[in-house]
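For reference, the structure discussed in these notes is given below.
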Amino acid sequence: MIAPGHLRILRPAPNILAFYDGRVPGYRFADGPNWVDDGALSLGIASYVIHDGDEALIYDTHVSLDHARFIRATLEGMGITRMTVVLSHWHLDHIAGNEIFADCTIIANIRTAAHLTEHRRAIEAGTSSGLPALSPLVHPTDLFEGRAHLHIGGLHIDLVQANIHSDDATVIWMAGPRLLLAGDTAEDSVTYVGDPAQFETHLADLDRIASLGPRHILPNHGDPGRIGAGGYDAEFLAATQDYIRFLQRCKTDATLRDTPLQQVIKPSLDKGTLIWFPPYAAIHQQNIARTVGAV
């Protein structure tokens, strides 16, 4: 099966595959404004698979049905017959391929399920985040709250609910290799702000996730070279907190609001914690506008 777009398979760790697309100059999913290009492929996006034996966990179903079909066909070609999906949160670039896994268990936390129920009609009509529409929207089959434990083959996996980036985040923690699949709770170059009123909660939950002691962090949006080489270290979460604290200061100090993003994150760039990717300059301006608007 031919991969759609520029989808490629990275292998950041044993038993982990990253199906990564985007960050390709001139490449677009469709003409005109659309959430696939503007919120996902322009920044680069990965869906992850944890596999062992004939079992696999798919962490997000990617940005289109074709992407999801390729993931499933790849896994079936590996002899995998039992598949479980876990949704990192309800945003469309993470759930667009759910229909391809409609015969599988699809796990989400209760907040993700509530958002999908609330926004179902708009998502199916293409009026939630714009086109393309996702119709039919396939909902999760199994829900959890707080924390849940799974086994994929002989691998032990914890699902941890958090309020970072969105109020319905689910991250995956593998204590053995001390590996964190972070979803959108951290991004390279910077986080995308969903609700500035929740900054203090975001910071507290980043502390809680950091307390797990991850050695390897794999975000959904990040540099493909870094992801393919094993991911980010624990400083990645601290860099996200530093950026959130900068945004908090912008609420009361207007002189900070025009600071170029490269200057804001320069300490993390100098240490190699973050990698500069120019499209995040526009995300930064959106974050500033959202933060100031919430004052």
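The values are calculated or read from the model by the stated rules, or taken from the named source; none is laboratory data. Keep in mind that what you see is a predicted model, and the values were worked out from it rather than measured. Glycine also receives a Cβ, built like all others from the backbone with ideal geometry; neighbour counts cover every protein chain displayed. These area figures cover heavy atoms from the full protein model, side chains too; ligands, DNA and RNA do not enter into them. Shrake-Rupley method; radii C 1.70, N 1.55, O 1.52, S 1.80 Å.
Figures for the structure shown
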read-out: Given (1) within 17 Å of GLY79 (Cβ to Cβ); (2) surrounded by fewer than 19 Cβ atoms within 10 Å (Cβ to Cβ), number of the condition ASP38 does not satisfy; value: (1)
read-out: From the options ALA30, ALA46, ALA13, residue that is open to solvent by 10 Å² or more (accessible area, probe 1.4 Å), more than 23 Å from ASP103 (Cβ to Cβ) and at pLDDT 95 or above; value: ALA13
read-out: Positions within the range 209-238 being crowded, with 19+ Cβ neighbours inside 10 Å, hydrophobic (A, V, I, L, M, F, W, C) and touching a residue at least 40 places away in the same chain (Cβ under 8 Å), in sequence order; value: ILE209, LEU218, ILE227, PHE236, LEU237
read-out: Criterion violated by THR105 - all others in (1) crowded, with 20+ Cβ neighbours inside 10 Å; (2) hydroxyl-bearing (Ser, Thr, Tyr); (3) touching a Ser or Thr at 6+ places or on another chain (Cβ under 6 Å) satisfied; value: (1)
read-out: Residues of the range 213-241 classified as closer than 19 Å to PRO14 by Cβ, of a type in the set (A, V, I, L, M) and in a loop (DSSP other than H, G, I, E, B), total; value: 1
read-out: Spans of helices (runs of 4 or more DSSP H) in the range 242-295 with at least 2 residues surrounded by fewer than 14 Cβ atoms within 10 Å (Cβ to Cβ); value: 266-271, 280-293
read-out: Residue in the range 45-52 that is touching a strand residue (DSSP E or B) at 6+ places or on another chain (Cβ under 7 Å), assigned to a strand (DSSP E or B) and among the polar types (S, T, N, Q) present; value: yes
read-out: Any chance LEU7 is touching a residue at least 24 places away in the same chain (Cβ under 8 Å) and either more than 22 Å from TRP276 (Cβ to Cβ) or surrounded by fewer than 18 Cβ atoms within 10 Å (Cβ to Cβ) (or both); value: yes
read-out: Selection from the range 158-206 of residues that are without any contact (Cβ under 8 Å) to a residue 24 or more places away in the chain and among the charged types (D, E, K, R); value: ASP158, GLU200
read-out: Those residues of the range 125-163 which are closer than 16 Å to THR61 by Cβ and acidic (Asp, Glu), in sequence order; value: ASP142
read-out: Criterion violated by GLY39 - all others in (1) in contact with a helix residue (DSSP H, G or I) (Cβ under 7 Å, 6 or more places away or on another chain); (2) not in a helix (DSSP H, G or I) satisfied; value: (2)
read-out: Tally, over the range 81-109, of residues that are over 13 Å from PHE144 (Cβ atoms), in a strand (DSSP E or B) and among the β-branched types (Val, Ile, Thr); value: 1
read-out: First in the range 16-44 and on the phi > 0 side of the Ramachandran plot, second anywhere and modelled with pLDDT of 95 or more and part of a strand (DSSP E or B), Cβ under 7 Å, 6 or more apart; value: GLY22/ILE45; GLY44/TYR20
read-out: Failed condition for ASP270, given (1) modelled with pLDDT under 95; (2) over 17 Å from the mean Cα position of the chain (by Cα); (3) not polar (S, T, N, Q); value: (1)
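Residue-by-condition table, conditions (1) open to solvent by 30 Å² or more (accessible area, probe 1.4 Å); (2) outside any helix (DSSP H, G or I); (3) out of contact with any Phe, Trp or Tyr (no Cβ under 7 Å at 6 or more places or on another chain):
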{"site": "GLY79", "(1), (2), (3)": "yes, yes, yes"}
{"site": "ARG111", "(1), (2), (3)": "yes, no, yes"}
{"site": "LEU116", "(1), (2), (3)": "no, no, no"}
{"site": "LEU137", "(1), (2), (3)": "no, yes, yes"}
{"site": "ASN163", "(1), (2), (3)": "no, yes, yes"}
{"site": "PRO177", "(1), (2), (3)": "yes, yes, yes"}
